[in-house]
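**Q** Here it is: the structure, laid out below.
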Amino acid sequence: MRNLTKSLLAIGASPLVAWQAPPAAAALPPPPPPPVRIAPLDPVAAQQHALALLTWMPGEVRCAGQPVTGGTLRRPLNGLTSRSNLQRPVPYRFAIDAAGRPVSIARNGDAFLPLGDDIAPALATSRFPAGRAQSDCNVTYAPTLHPLAEAPPADLASYTISPTGSRLPPEGWKRLMEGGTCRNRPSPRPLLRAYPDFEKLPATPGVRDWSLVGFDIDAKGQPVKLRIVHTTGNGALDAASLDAVGESRFTAGPRTGCLYPYHRSAATLAAPEKPDEESFRPATSTCPVKSKWAVPPPRRYPENYRRRSIEGWAVVTYDVAPWGEVGNIRVAASQPTEDFGKQAAAMLRSARVEASAQGASGCIETVRFSMQRTGPGRTMSDNASDNASDEDAGAPEAAIF
């Protein structure tokens, strides 16, 4: 019995060793990720996102329901945007003073307007027949998107001279210079570049005039077959541009279909006459004649008006809290467009008046936006690969009076 017990114990002990779990196997590497498959670009989607030239075309002008004819209605500057970025027609209201100048320009509605910030400035530079002031005037600007390969060459040229965004893509340059050999490599290099005497050329208020000269280059590098290809219509600039290109010299040709632009910076378009500030002061005003600024309003000139050298003014009323915060800001009047009033109001929101015991109400300020120039303000420009400029217009100023 004792031997049997020992045998059972021995047998019972053996499974502890015989059935021990085997050592863990080495971990297997994770399976590789599936290959990334890039779907081909949808040709329709690619075409929709391709850049296009945006132009704005003004429609018929009516005042008090009657059509207005004659004069010059300026087109806004062109822009670049994707072909899927559709724009809507934009209506404007305004008046015409006795000199034929558009005033009190305002947009109908306040929805965000991408690539349309030059519409009001362009309308401000327009002119209508003088003699009789008119009110209740309206005009609508219609947008058009042009594929670069089909865009009007004159509008492409205008964009290269007065760009409002990125540089014109190669597709646009190909359209602008199609049919010539001037872009063939090696490109002709200027050996002598002549320029007009810009100080002697007339300038148009609020408008950058330009002339695009077309020419060929003979085997000796001399420009031949000079002609004005596109222009804003400044005859003196056209003639001076032809003379300047004719006096220039290039590396040996021959080449055909070359283009060279010159532009004249805009003359300052002065603001309409400013009214008496006190005529806008509320009868219940408790404000001193002039506020004492603890934090003066920042002087910021609207860029779309600086670009055209357009001056303006705004009369703004506001209240002041005892601790100096400015509030209840209202634009009482602004000329020649509502944009100067919006800019003036934004400036006052960032300002602060010296603290007082009880604050004030019915305060009033006139903000004048003026261009400060140190010279005659003329500009010359080459193409995108060779720019030169002698723009000497001084910094614009927004001042409170």
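The values are calculated or read from the model by the stated rules, or taken from the named source; none is laboratory data. Nothing here was measured: the structure is a model prediction, and the numbers come from that model. All Cβ positions, even for glycine, are placed from backbone atoms using ideal geometry, and neighbour counts span all protein chains on display.
**Q** Considering only residues that are surrounded by 19 or more Cβ atoms within 10 Å (Cβ to Cβ) and of a type in the set (S, T, N, Q), which ones fall in region 239-291?
**A** Across region 239-291, the qualifying residues are SER241, SER248, SER265, THR268, SER291.
**Q** Consider ALA346 carefully, then state whether it is in contact (Cβ under 8 Å) with a residue 40 or more places away in the chain and either of a type in the set (Lys, Arg) or not assigned by TED's automatic domain parsing to the domain that holds ALA122 (or both).
**A** Yes: the conditions hold for ALA346.
**Q** Could you name every one of the helices (runs of 4 or more DSSP H) located completely within region 1-84 that has at least 3 residues being modelled with pLDDT under 50 and under 30 Å from ASP155 (Cα atoms)?
**A** Correct list: 43-49.
**Q** Turning to a different aspect of this structure: Given the residues LYS290, LYS274, which is the only one that is in a loop (DSSP other than H, G, I, E, B) and more than 28 Å from SER135 (Cβ to Cβ)?
**A** LYS290
**Q** Tell me which strands (runs of 3 or more DSSP E) are completely within region 177-259 and hold 1 or more residues being in contact (Cβ under 8 Å) with a residue 40 or more places away in the chain, polar (S, T, N, Q) and within 25 Å of ALA124 (Cα to Cα), or say none if there are none.
**A** Those strands (runs of 3 or more DSSP E) span 209-217.
**Q** Can you tell me which residue within region 70-82, out of those that are of a type outside the set (Gly, Ala, Ser) and touching a residue at least 60 places away in the same chain (Cβ under 8 Å), is farthest from ASP118 (Cα to Cα)?
**A** My answer is THR81.
**Q** Go through (1) at positive phi; (2) part of a strand (DSSP E or B) and name the single condition GLY109 misses.
**A** Answer for GLY109: the failing condition is (2).
**Q** Of the conditions (1) without any contact (Cβ under 8 Å) to a residue 24 or more places away in the chain; (2) within 18 Å of MET57 (Cβ to Cβ), GLY109 satisfies every one except a single condition; which number is it?
**A** All conditions pass for GLY109, except number (2).
**Q** Counting only residues that are surrounded by fewer than 22 Cβ atoms within 10 Å (Cβ to Cβ) and farther than 19 Å from TYR305 by Cβ, which one in region 197-212 is modelled with the lowest pLDDT?
**A** GLU199
**Q** Taking SER279 as the residue in question, decide whether it is out of contact with any strand residue (DSSP E or B) (no Cβ under 8 Å at 6 or more places or on another chain), among the hydroxyl-bearing types (Ser, Thr, Tyr) and not in a loop (DSSP other than H, G, I, E, B).
**A** Against the criterion (out of contact with any strand residue (DSSP E or B) (no Cβ under 8 Å at 6 or more places or on another chain), among the hydroxyl-bearing types (Ser, Thr, Tyr) and not in a loop (DSSP other than H, G, I, E, B)), SER279 qualifies.
**Q** Of all residues in region 117-166, how many are in contact with a Pro (Cβ under 8 Å, 6 or more places away or on another chain), more than 17 Å from ILE96 (Cα to Cα) and in a strand (DSSP E or B)?
**A** 4
**Q** Okay, next question. How many residues are touching a Leu at 6+ places or on another chain (Cβ under 8 Å) and either among the acidic types (Asp, Glu) or under 26 Å from ARG75 (Cβ atoms) (or both) if we restrict to region 308-335?
**A** Count: 4.
**Q** Condition first: out of contact with any Pro (no Cβ under 8 Å at 6 or more places or on another chain), of a type in the set (A, V, I, L, M, F, W, C) and closer than 14 Å to ALA106 by Cβ. Now tell me which residues in region 324-344 satisfy that.
**A** VAL331
**Q** Check whether at least one residue in region 181-192 is within 20 Å of LEU54 (Cβ to Cβ), in contact with a helix residue (DSSP H, G or I) (Cβ under 8 Å, 6 or more places away or on another chain) and at pLDDT 95 or above, and report yes or no.
**A** no
**Q** Still on this model: Kindly indicate whether ILE105 is touching a helix residue (DSSP H, G or I) at 6+ places or on another chain (Cβ under 6 Å), surrounded by 10 or more Cβ atoms within 10 Å (Cβ to Cβ) and modelled with pLDDT of 80 or more.
**A** For ILE105, the condition - touching a helix residue (DSSP H, G or I) at 6+ places or on another chain (Cβ under 6 Å), surrounded by 10 or more Cβ atoms within 10 Å (Cβ to Cβ) and modelled with pLDDT of 80 or more - is met.
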